[in-house]
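Heads up, the thing below is written out as structure tokens.
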Amino acid sequence: MKNIYLILFVLFSGFIYGQNCKSIFIGEVLDFHDKKPLINATIKLVGTNKITIADEKGKFTFKDLCDQTYNIEVSHIGCETKRIAVLINGDTYIKINLEHHIEELNEVTLSSDSFIKKTKTGQESIIKTKDLERFSAASLGDALQQISGVSSINTGNTIVKPMINGLHSSRILILNNNVRLQDQEWGIEHAPNIDINSANQISVIKGSGSLAYGGDAIGGVVVVNPNNIILKDTLYGRTIIGGQINGRGYHISSTLNKNYKSGWFAQIQGSYKKNGDFKTPDYNLTNTGLNSVGLAARLGKKKFESGFELYYSYLNSEIGILGASHIGSAFDLERAINLGQPILIEDFSYSINVPKQKITHHLAKANYYKRFQNFGKISLQYDYQNNQRFEFDVRIGDRKNIPAVDLTLQTHTLLADVNLDANLDRKVDFGFMARYQDNFANPDTGVRRLIPDYTKYDFGVYTATEWRVHDAIVLDAGLRYDFNRMDAKKFYRKSRWEERGYNVDFSDIIIEETNTQFLTNPVFDYHNISASVGVKYRLNEKNQIILNYNLASRPPNASELFSDGLHHSAARFELGNLRFNKEVANRISASHTYTTSKFNVITEVFYNKIKDYIYLRPLDFILTTRGPFPLWSYQQTNANLFGIDLTATYKITNALQWQNKTAFIKGYDLDTNLPLIDIPSFNTTNEIKYSKEAWHNFSASLKSDWVLEQNEFPDFNFEVENELNGEMTTIDISSPPPAYHLLHFYSEVTFPLHKKTRLNIGVGINNLLDTSYRNYLNRMRYFADDLGRNITLQVKLNY
Amino acid sequence: MNTTKTININYLNLNSMKTSKFFISALFCLTLITSFTSCSSDDNDPKEVVEEELITDVTLTFTNTTDNTDTVVLASIAPDGQDGASTETITGTFTAGATYSLGLVLTNESEDPADDVLNDDIIPEADEHFFKYAVSGIGLTMTRDSDDTDGAEGSKLGVKTTWVAGAASSGNVQIALIHEPQTTDDSDAWGTSTGGSEDLNITFSGVEIE
């Protein structure tokens, strides 16, 4: 652009003076982002033998040129070579910008699966494409468990919620292509709405290190990214087809990418998954089928200087919930626990009956960025999400086909971010976020709403800086402020209103009164400060240390504030509390990495102290005219969690590798001195892997999973009286299941079919010995065992 | 050269500003359009959910077949229906050796006027319902009357029953209403069943025969 006038001017004068081969061409090669001269850049006049090198000021000169258009090629180590046409007319001067720091500016586009860490001093782990592809038939929560310290809290084996260092649900932020997922994540039985097949790489950040994403990530952040865009004229794709014996499941997923050198790109991806009833070593898990359809499309232009992207993704899942888990009163729960196997066991079927969930999630986003010379990058993003959740329970008569839960959550978010990176040693990032959210609970369910209608407003501003003190030390720090307003309209039964004492504290929020209920309008404002500071210090070639401190604040979610009623699918009363404060977490962490060519050990320790920690616990039972029902109540307390995560890899020989992942965590309620509920027990996996490149990239591995019994758990058991005969019965809902050990086998081989076409075949056997076990963190553990042996076959075609 | 440079820079900024402006306005339009459509349904207050087939009051009136002034009334009141707390009251005592007929009243008092659940909902759908009874510690026996309504799965529903009080004793009386049972059996008049869900399960303690 800059030189258009000059060129026009020169062109014009050229017409007057005519051909002249005495012209001098002076140029200057500068770094785009900070305007520094690019010393030793090579400048070639294409089609001539003239070649020169830029001096220490980035300047170069060609003499004795004719007045005509020359094509010049400018190259520099680490930069993308640039070709431009220059019209020489008399003595000519031009400035050429190249970008020398594409990598440091996080703009690597060299390959579709290269990765960039999102944080400098966070406890961050990355799962690469190749490892994700193995989970094509599974879920995000399953894939994340490859990282030491990441576990999951499950409802059966298809609803898998990630858990980072013992924390889950609202305490974990999940980003899908830079959009924070808003999918009613408060619920323990609400799995994240992400199709694992649309992910190309996933970063897991323990703690709230990355404040640009939000300040409430008390547990951590999961960043799911699609393919990188390559600046190349290319068309490539991937198709995965697989099947598994357990559940007689099959899945197919296909992605097609078209990229242009000009920066234009388009991508389309689709996947379909189906399975029927799973089984344990001994019996079928009736009604545990799953149907899922995912679609995603991207279109945009990505250049170094500017770009935009339009993205849309759709996911629809229908998930069956173990039939035997539908229970009535507390006696049914006690019978189920004592029976040792599900009450309802039927022959295998693909059909999904009640209880079940049906969830549809739409996500659309548009973003735009532009880079300015000697300044940095400005990005803008708008996204819209629509989450529709139906939960169907076992209901009677006309209500059979009406869901008991029918929620629609719509979210609009606007993001603006400015990244000042002209000085690579001291980058500064700042931005703001505005979000509007609307939840609608459909009254046509005929069931009093567990979650009320509400609107929520969030505004956040943040800044972060990264400072490279010298080559071995990087410091970073961030600060964020968030304002949240929760504006709900909720019906309370008069009896509940008084029992909770709300008539004393909240009488002013009643806006309407009916026969038995009050309509209330609670409006709560929260001001949250979050901060982070960290340092990375490379001691020497082998050792690196990272220290990090995070402060995170999370306002209570709709479920924690407003839950009130019978959660049918769980056969329990759940009670929230309007008086809850926000949670504030202080987390200190330290990591040590030891790397040699053979041995690699990452040790991560953390201590997380959470003020006003909110959790749901079995409290008592409510005696109703249908018998006694368990009552679960949200509680607020002070808690601490601490632990150590270990990942060690040792290359025994070139072909043989051993890997260990171990996680140890403890969590306590500091007010009652009881252990926290739902904390993962000590677990360690050992994997031995043999790989031989010469045999078509053959590899085979045997993995051992050893999970100890959780011996520190709060005893929340309660006694229920059989009113007829006065017998007291203890409902044991606290005791964790015993320890277990599982073996898994996996082997794969890759054949090159054609120039760019590769066929990969993978065979796996999970739970090789068909061991019966139950997992403490699976809500179905009261009713049934976990999965038995599963043989999987997956064929992947890259083209 | 300097003037050219200034112009260039202005041009550059102008260009970028234009793009950004366009982009921002496009974003806001999008936001407005989508939020407008989504907000519109929401300006009104939410509708109250009135739960169907709520049963608030259950009254069992036992009347001596030879002396209609001799009655025993077992009443349960649960203002919030089956999911809320309830209070049970017992009025009167059974006379040893006497025979009683049981009159059932099930109402939903949360509606105005109160809804007669037994006659309006349960009896018309008798084939989906089944009453079960149980006693403990008290010498009561019962039979389902021959003119009792036919209930689910070939059993008598259990709305018309006759009770005989044995020797003096005291104990508990339980009534349960099963909705859509899979199987029922009234060969033992108290009734047994599998499957379905319990609409009611109420125990009255301290019932006496004198």
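Values in this text are rule-based calculations from the coordinates and carry no lab data. This structure is a prediction, so every number in the text was calculated from the model and none was measured. All Cβ positions, glycine included, derive from the backbone under ideal geometry; neighbour counts span all protein chains shown.
Okay, here's what the table says:
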{"read-out": "Residues A:W264, A:W632 arranged by fewest to most Cβ contacts within 10 Å", "value": "A:W264, A:W632"}
{"read-out": "Potential extension, A:L235-A:T52 segment - 0.36 nm per residue separation minus Cα distance", "value": "62.2 nm"}
{"read-out": "Proxy reagent accessibility, fewest Cβ within 10 Å first, across A:F440, A:F432", "value": "A:F432, A:F440"}
{"read-out": "Cysteines without a disulfide-compatible partner [chain A; Cβ-Cβ under 4.7 Å]", "value": "A:C79"}
{"read-out": "Shielding score for B:81-87, defined as the mean number of other chain Cβ atoms within 10 Å", "value": "6"}
{"read-out": "Modelled FRET efficiency - R0 41 Å, A:D347 with A:L256, Cβ distances, 0.05 increments", "value": "0.55"}
{"read-out": "Computed label-point distance, nm, for sites A:N711 and A:I402 using a 7 Å Cα→Cβ extension", "value": "5.2"}
{"read-out": "Cα shape, the range A:123-223, gyration tensor, a/c 1.5 rule", "value": "rounded"}
{"read-out": "Zone of B:V50's modelled label, taken as backbone nitrogen in the range B:106-146 under 16 Å from a point 7 Å along Cα→Cβ", "value": "B:107-117, B:120-121"}
{"read-out": "Shape call, the range A:628-785: gyration tensor on alpha carbons, a/c limit 1.5", "value": "prolate"}
{"read-out": "Computed [θ] at 222 nm, helices only, for chain A once each DSSP H run of length n ≥ 4 contributes -39500 (n - 2.57)", "value": "-1500 deg cm²/dmol"}
{"read-out": "Segment A:R758-A:A739, length gained on full extension (0.36 nm per residue, minus Cα span)", "value": "2.7 nm"}
{"read-out": "Sparse-neighbour loop sites [GluC sites (Glu not before Pro); the range A:322-397; at most 15 other C-beta within 10 Å; DSSP]", "value": "A:E346"}
{"read-out": "Relative contact order, percent, the range A:463-510 [alpha-carbon distance under 8 Å, six or more residues apart]", "value": "22"}
{"read-out": "Rel. contact order, % - alpha carbon contacts under 8 angstrom, at least six apart, the range A:420-541", "value": "25"}
{"read-out": "Efficiency of FRET between A:E721 and A:Y312 - r from beta-carbon atoms, R0 56 angstrom, step 0.05", "value": "0.50"}
{"read-out": "Length released on extending from A:I39 to A:T729, taking residue separation times 0.36 nm less the Cα-Cα span", "value": "240.1 nm"}
{"read-out": "About the Cα centre, charge dipole magnitude for the protein assembly as shown (Lys/Arg +1, Asp/Glu -1 at Cβ), debye", "value": "9040"}
{"read-out": "Entries of A:K117/A:K301; A:K128/A:K206; A:K232/A:K427 with Cα pairs more than 26 Å apart", "value": "A:K232/A:K427"}
{"read-out": "Length-normalised contact order for chain A - Cα pairs under 8 Å, 6+ apart - percent", "value": "9"}
{"read-out": "Inter-probe distance in nm under a simple model that places probes 7 Å from Cα toward Cβ, at B:D70 and B:N119", "value": "2.8"}
{"read-out": "Proximal aspartates and glutamates to A:K796, defined as alpha-carbon separation beneath 20 angstrom and excluding residues fewer than eight positions away on the same chain", "value": "A:D113, A:D131, A:E133, A:D142, A:D195, A:E693, A:E748"}
{"read-out": "Kirkwood hydrodynamic radius over Cα pairs of the protein assembly as shown, then Stokes diffusion coefficient at 37 °C and 0.692 mPa s, in µm²/s", "value": "101"}
{"read-out": "Volume per residue that the Cα convex hull of the range B:57-209 spans, once the total is divided by residue count, Å³", "value": "110"}
{"read-out": "Global geometry of the range A:187-287, whether rounded, prolate or oblate, following the gyration tensor of its Cα atoms and the 1.5 cut on a/c", "value": "oblate"}
{"read-out": "Hits among lysines - C-alpha to C-alpha of B:K156 under 22 Å, sequence gap 8 or more where chains match", "value": "B:K132"}
{"read-out": "Lys pairs under 13 Å by Cα in the range A:559-717, provided they are eight or more residues apart or on distinct chains", "value": "6"}
{"read-out": "Candidate lysines for bridging to A:K50, where Cα separation is under 22 Å - those fewer than 8 sequence places away on the same chain excluded", "value": "A:K22, A:K59, A:K63, A:K82, A:K95"}
